[in-house]
Every structure is written in structure tokens, then in C-alpha cells.
Amino acid sequence: MFTASLGVFLFGLLAAIAGGAVGAAIGGNYAFVLTGFAVIASWGIFSATGNTFGLDYLAFGPFMGPHIAFAGGVAAAIYARYRGYFEDGKDVNSPLAGLGKPDIVYVGSLFGIFGYLCQIGVSHIPWFGTHTDSVALSVLLSGLLARVVFGGLPGKGLMRGSLHNAEAFHPDATTFPQKIKPGPNGRWLEWQEKPSQLLTIGSLFGILAGGASLFLAGNVGAYLTEKGFANTLAAANANSFTFGISAIVILFLITNRNMPVQHHVTNIAGLAAIQFFPILMGKTFSTYTWTATSTWDSHTWLMAFLALIIAAVFGVFTALLGEFCARLWYDRGTSHIDPPAASIWLGNTVVVSLAMLFS
């Protein structure tokens, strides 16, 4: 959208400056909650009109795109720690405008610019750019950059941050998985780190997302087809709806409720259901014709059932991947490197690539 002309590129760039600043001012997680509300509102617009501007600009663009607003808040938090304004560089809940330091907000703007340019750059990489989640990958790369630049000892120089903080590895561990095991030196979500917990959250939230995505793809897709839009337009965006619901759930996490963090699960599980359902029906994503669920016969419903099983499998896969990324980068770190974003771009690439392989 933002590479169609120089004018729209500059418009998006200026908007991203503001988006990153807002993320820093209100706090990264509050910005992400607003992303969730923007997704739901954008789906209302899209379902009624067939226009994706809400998703492209409001939810996943300069207004509240996670790679801009959330990432701006993440970078601002570790910058505030580096400058001695703030103790916890991993705190992406606190609204940083309350510190009264404009330079913190400006750092959010700088990382809003980075996220904007990074997402555009990733999306234009041949093959890879259309077979991954460029927004999620940009969130990850922004978090890694912020850690490296500002994550060292406060006031002791830039570019000294560590991605793994090996000094905090478990001292008696003999294998790498044991060294990064969560414990006193750091953990992400204590109630969501054991295999049994991840299996439960991944499978059940995965099924929930898969079912909703199939219904949206079929019913909204059929309606928009009657209006002259591409039949696959709703399917191409269907997994974002439950992602938006999951993002709103973060609001309750901020209020000190031990809520499950599962927007990575619902995103990838929904995507898996949408990608593999046409294959189960003997078609490919591009050749399958989505129809209203009221017209589905028993065979179609059986294939939908199997698609939910696939969604559950990829939900578990993504949940496990998120916890691994937390142990790798987040747990012992000085800043927030987002485990869900890391697992979304990896999970997206795996799902889309496997769907192509089986098509």
C-alpha cells in the first residue's frame, strides 16, 4: 500500500513517526490492545464494504501496527532504562509519557520509522516477503535492535546489549536447553511454560481460531463475491480476526490477571485452517471457491473438522515456539524481545510453505 507512489510513502512515513511516539507515550502493551480493537473495527468495515484499508492502515499500518506502535513502546522502555529514567527496561505496560521526558517519545518515533521501513523491506524480498508475516518479523527485528543498542548497563555506552545474557544461564546446566530454562533468573509466563500448559492453550485456542477463520472465510467470502470482490479476499485476512480478539485479552494481563497470552496461537492456527482446508477439499488456496457455510454438505463439514485438527496441531507448535523464543531472548534479558512476534513469523513461514508443498 505504501509503495504505490512517493506521496503515499511519505504520508505513511510521517504517520509512522506519530504511531511510534504514541506507542512510547501510552506503553507498548496498551498500544497493542488498541491494535486488537482496530482489527475488530477494521473487520466490520471490511465485511460490509470489501475494503481492506482498515486492516492495511489502522490495524497493521502506521496507526496501530505492532511493528510501529508496540515496537516503539518496547524501544522506548529500554531507552528509558538506559538513560536512568526507568528501572525495568522490560516493562511494556507503563505509559512512558508519565516520566515527563520528551526524548523517550522521540525514540518511539525513531523505532516507528524503523518498523515502517523494515516491514516494507521484508515484504519486497523475493518469495520470502510473500511467504512470511512481515509485520511480526519487523517487531522481532526492532526488539533485537533496541536490545543491542540500549540494553547494556545504564549510561555505560550504546551497542553493548546482549541478546542472550549468558551470564544469567543456570550455572550448573550442562546442555543449552537446561541453561535457558526459566527460573529465578527470569521467566515469561509462569502459568504458560510447561509442556502440558502449552499443549492445552495451543490446541484449544487453536481450534477456536480455526473455526472462526473458516466461518469468516466462507460466509464473508461468499457475500463479498456476490458484490464483485475476489472470492479469496476474506480467506486471506480471516486469521487476523481472532488475533485481534487475543490482542484485546492483553488488556486484562496488564491489570495483573494471569491471562493466557495466545495471539501467536490464534494467528497461526487460523492461518493453518485456511491454508489446509482447500487442500483437504482437493484444491489449492487460489483455486478453491469459498461458499457460505449454510451450503456445505457433510463431506465439506468433515474436511472442516480435519482442518480444525490441523489448526490445533499448529496452535501447539506455535505455543511451543513462543516459549522457546522467550527462553532464548526474553527471560534473562534487559528488554522486551517479543516471543509471540518471533513465533508468528516463523509459524507463518512454516504453514504457508507446507501448504504450497502439499498443494
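Here are the numbers:
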read-out: Checklist (1) buried (at least 22 other Cβ atoms within 10 Å of the Cβ); (2) hydrophobic (A, V, I, L, M, F, W, C); (3) outside any loop (DSSP other than H, G, I, E, B) applied to L357, failing item; value: (1)
read-out: Tabulated pairs, segment 185-211, first more than 25 Å from E167 (Cα to Cα), second crowded, with 16+ Cβ neighbours inside 10 Å and of a type in the set (D, E), C-beta under 7 angstrom, 6+ apart or interchain; value: L198/E323
read-out: Members of segment 131-168 found to be modelled with pLDDT under 95 and assigned to a helix (DSSP H, G or I), listed by number; value: A166, E167, A168
read-out: Selection within segment 170-184 - without any contact (Cβ under 8 Å) to a residue 60 or more places away in the chain and among the hydrophobic types (A, V, I, L, M, F, W, C); value: A173, F176
read-out: Among the residues listed as S123, S203, S162, the single one being open to solvent by 20 Å² or more (accessible area, probe 1.4 Å), within 24 Å of G73 (Cα to Cα), within 20 Å of the chain's Cα centre (by Cα) and of a type outside the set (A, V, I, L, M, F, W, C); value: S123
read-out: Candidate set: segment 23-45, residues that are buried (at least 17 other Cβ atoms within 10 Å of the Cβ) and out of contact with any helix residue (DSSP H, G or I) (no Cβ under 6 Å at 6 or more places or on another chain); chosen: the one farthest from N237 (Cα to Cα); value: I26
read-out: Selection from segment 279-319 of residues that are among the polar types (S, T, N, Q), within 19 Å of N237 (Cβ to Cβ) and modelled with pLDDT of 95 or more; value: T284, T287, T289, T291, T293, T318
read-out: Check on R81, open to solvent by 30 Å² or more (accessible area, probe 1.4 Å) and basic (K, R); value: yes
read-out: Failed criterion for S94 (all others in (1) closer than 21 Å to C325 by Cα; (2) of a type in the set (S, T, Y); (3) in contact with an Asp or Glu (Cβ under 9 Å, 6 or more places away or on another chain) hold); value: (1)
read-out: Matching residues, segment 292-325, being open to solvent by 80 Å² or more (accessible area, probe 1.4 Å), part of a loop (DSSP other than H, G, I, E, B) and in contact (Cβ under 8 Å) with a residue 40 or more places away in the chain; value: none
read-out: Close pairs from segment 49-67: first more than 14 Å from F2 (Cβ to Cβ) and without any contact (Cβ under 8 Å) to a residue 60 or more places away in the chain, partner buried (at least 20 other Cβ atoms within 10 Å of the Cβ) and of a type outside the set (G, A, S), Cβ under 6 Å, at least 6 apart; value: M64/L34; M64/T35
read-out: Matching residues in segment 258-276 - criterion: being open to solvent by less than 50 Å² (accessible area, probe 1.4 Å) and either in a loop (DSSP other than H, G, I, E, B) or at positive phi (or both); value: P260, V261, Q262
read-out: Subset of segment 171-180 [in a loop (DSSP other than H, G, I, E, B) and crowded, with 16+ Cβ neighbours inside 10 Å]; value: I180
read-out: Any hit, segment 277-285, residues being in a helix (DSSP H, G or I) and open to solvent by 10 Å² or more (accessible area, probe 1.4 Å); value: yes
read-out: Some residue of segment 187-200 being in a helix (DSSP H, G or I), surrounded by 18 or more Cβ atoms within 10 Å (Cβ to Cβ) and at pLDDT 95 or above; value: yes
read-out: Members of segment 63-78 found to be farther than 19 Å from L253 by Cβ and open to solvent by less than 20 Å² (accessible area, probe 1.4 Å), listed by number; value: G65, H67, I68, G72, A75, A76, I78
read-out: Single residue of Y85, Y79 found to be of a type in the set (S, T, Y) and assigned to a helix (DSSP H, G or I); value: Y79
read-out: Complete set of residues in segment 1-35 that are closer than 22 Å to D91 by Cα, part of a helix (DSSP H, G or I) and of a type outside the set (A, V, I, L, M); value: G19, G20, G23, G28, N29, Y30, F32, T35
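For (1) of a type in the set (S, T, N, Q); (2) at negative phi; (3) in a helix (DSSP H, G or I), each residue gets a yes or a no:
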site: I245; (1), (2), (3): no, yes, yes
site: N256; (1), (2), (3): yes, no, no
site: T287; (1), (2), (3): yes, yes, no
site: W290; (1), (2), (3): no, yes, no
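The values are calculated or read from the model by the stated rules, or taken from the named source; none is laboratory data. Owing to the predicted nature of the structure, the values given are computational and were not obtained by experimental measurement. Cβ sites come from the backbone with ideal geometry, for glycine too, and all protein chains shown count toward neighbours. Side chains are part of the model used for accessible areas, which takes the heavy atoms of the whole protein and leaves out ligands, DNA and RNA. Shrake-Rupley method; radii C 1.70, N 1.55, O 1.52, S 1.80 Å.
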